[in-house]
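Asks: Handing you this structure, nothing more for now.
Only the coordinates and a few stated rules stand behind these numbers; no lab work does. Nothing here was measured: the structure is a model prediction, and the numbers come from that model. With ideal geometry, Cβ positions are generated from the backbone for all residues, glycine too; neighbour counts draw on all protein chains shown.
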Amino acid sequence: MRIMHTLFSRGFAGTERATAEMCNACAGEHEVTLVLQKQHRATNGVSIRDHLDDRVRVVEVSRWFPAWGLARAIRDHRPEIIHTHLRKSTRLVARLKPTCATIATLHMWVNGPQFLEMDGLIVIAQWQKRDLARYRGRIFDINESLIPTPRVAAEQRRHLRELAGAGETEFLIGGVGRLAKSKGFDTLIRAFEQAAIPDAKLAIIGDGRERKRLEKLAQSDRVRFLGFRPDAKALYQAFDLFVSPSRSEPLGRVLFEAIDAGTPVLATATQGPSEILVRYPGTLVPIDDVNAMSMALRSLATQRPARVDHDLSAYHLENVVRETLQAYRELIEARGNAPAAR
């Protein structure tokens, strides 16, 4: 198949990771093109381009004239299907009306009418279907992808804990994500300080515009900011507790990464975690409730819940890729294998 992905974001967070994993997994047997905007690097220099297989063809289009560049990429590469990610690229594809099949992943919610113009939609959480009552295309239930992380050796785990400022006997709490207001790390920091757990440390992995404000909010050296780290998935195994304090979390790839590591989970009752922690064990607290989160931190630090291995095979990349390729085939067949020309 000739597959084109479009993503006009910056940096490298959950959506970018999922897109890169799908592109890389398909590039061995299919012609895969990824269209990005030229300003794809975040202010800290990270980008999806650094995580792509060499077999993935990358086209960069101008930020100022993206529709022209995208139309040219469609004409040059003649995809049989275009897979869009996030609002901007989906809006441009809908505006261009290519003759090939189109599909979008709802990484968040239906935050624009352009999603309803796609031939197919991939929902990664059941709550997303609430916005699709009037959608007339195909809906595919396909999980977010996960590449399992091998277990780290005891020596490496000690090293990772030292990096986070924690010794072997201390209770290490971890948070991972973009340092944006929506991620709620200010709530986590306040709750951690209020909990005043003896011999506890908090490590936050990620970067973003909120970092300086969060660093000022932290009242002690027991809170450590590690910035963006390519080995973040290994660090989950160093945590004694993982916390997702988001104000809005459509799914929560970080929760699956923590569960994959066997790490106990505490999360706010946002969209995705409320769905995920019905299937897998974890603790939910109300959004933005510092007192409730502080009490939960103290309770979990006292209990010291054991690490547990869970079956996440339904989310493993090879299974998600197989289901996604089948969705592509069905949409291409429905379009009559029309080439994308404009």
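Asks: Using only the Cα atoms of the range 1-65, build the gyration tensor, take square roots of its eigenvalues as a ≥ b ≥ c, and label the shape rounded, prolate or oblate: rounded if a/c is under 1.5, else prolate if a/b is larger than b/c, else oblate. List each step's numbers first, then the result.
Replies: Details: a/c = 2.26, a/b = 1.44, b/c = 1.57.
Verdict is oblate for the range 1-65.
Asks: Whole Å is fine, so just give me how far the alpha carbon centre of the range 176-242 lies from that of the range 289-303.
Replies: What the calculation gives is 15 Å, centre to centre.
Asks: Restricted to Cα positions, what overall size does the range 154-311 have along the principal axes? Three whole-Å values, descending.
Replies: Principal-axis extents of the Cα atoms in the range 154-311, largest first: 37, 34, 31 Å.
Asks: If each Cα of the chain is one equal point scatterer, what is log10 of I(q)/I(0) from the Debye formula at q = 0.13 Å⁻¹?
Replies: These q points yield log10 I(q)/I(0) values of -0.99.
Asks: Here is a further query. Loop-only trypsin sites (Lys or Arg not before Pro) in the range 127-232, please: DSSP not H, G, I, E or B, and at most 15 other Cβ atoms within 10 Å. Intermediate results must be reported in sequence, preceding the final value.
Replies: On the way: sites: Lys129, Arg130, Arg134, Arg136, Arg138, Arg151, Arg157, Arg158, Arg161, Arg178, Lys181, Lys183, Arg190, Lys201, Arg209, Arg211, Lys212, Arg213, Lys216, Arg222, Arg224; in loops: Arg134, Arg136, Arg151, Arg178, Arg209, Arg222.
The qualifying sites are Arg134, Arg136, Arg151, Arg209.
Asks: Can you give the convex hull volume per residue for the Cα atoms of the range 147-202, as a whole number of Å³? Intermediate values should be presented prior to the final figure.
Replies: On the way: hull volume 5.5 nm³, N = 56.
With only Cα atoms used, the range 147-202 gives 99 Å³ per residue.
Asks: What number results when the radius of gyration of the range 104-159, computed over Cα atoms, is divided by 2.2 N^0.38 Å? Walk me through the intermediate numbers first.
Replies: Values: Rg = 17.6 Å, N = 56, 2.2 N^0.38 = 10.2 Å.
Rounded to two decimals, the normalised Rg is 1.73.
Asks: Counting only DSSP beta bridges with both residues in the range 154-311, what percent are antiparallel, rounded to the nearest 5? Mind dumping the intermediate values first?
Replies: On the way: 0 of 18 bridges.
Rounded to the nearest five, the antiparallel share is 0 percent.
Asks: Follow-up question, since we're still on this one. Do any of Lys129/Lys216; Lys38/Lys216; Lys88/Lys216; Lys88/Lys183; Lys183/Lys233 go past 30 Å between their Cα atoms, and which? Each step should come with its number before you reach the end.
Replies: Numbers: Lys129/Lys216 40 Å; Lys38/Lys216 33 Å; Lys88/Lys216 34 Å; Lys88/Lys183 21 Å; Lys183/Lys233 18 Å.
Check vs 30 Å cut-off fails for Lys129/Lys216; Lys38/Lys216; Lys88/Lys216.
Asks: Beyond 13 Å, what share of the Cα-Cα pairs of the range 236-294 remains, rounded to the nearest whole percent? Could the numbers behind the result be given before it?
Replies: Details: 907 of 1711 pairs.
For the range 236-294, the fraction of Cα-Cα distances above 13 Å is 53 percent.
Asks: Any idea what angle helix 66-77 forms with the longest principal axis of the chain, computed on alpha-carbon atoms, 0 to 90 degrees, nearest 10?
Replies: Long axis of 66-77 versus the principal axis of the chain: about 60 degrees.
Asks: Which longest uninterrupted range of the chain lacks any GluC sites (Glu not before Pro) assigned by DSSP to a loop state (not H, G, I, E or B) and surrounded by at most 15 other Cβ atoms within 10 Å? Display every interim value, and only then the final one.
Replies: On the way: sites that count: Glu29, Glu168.
Between exposed loop sites, the widest span is 169-342.
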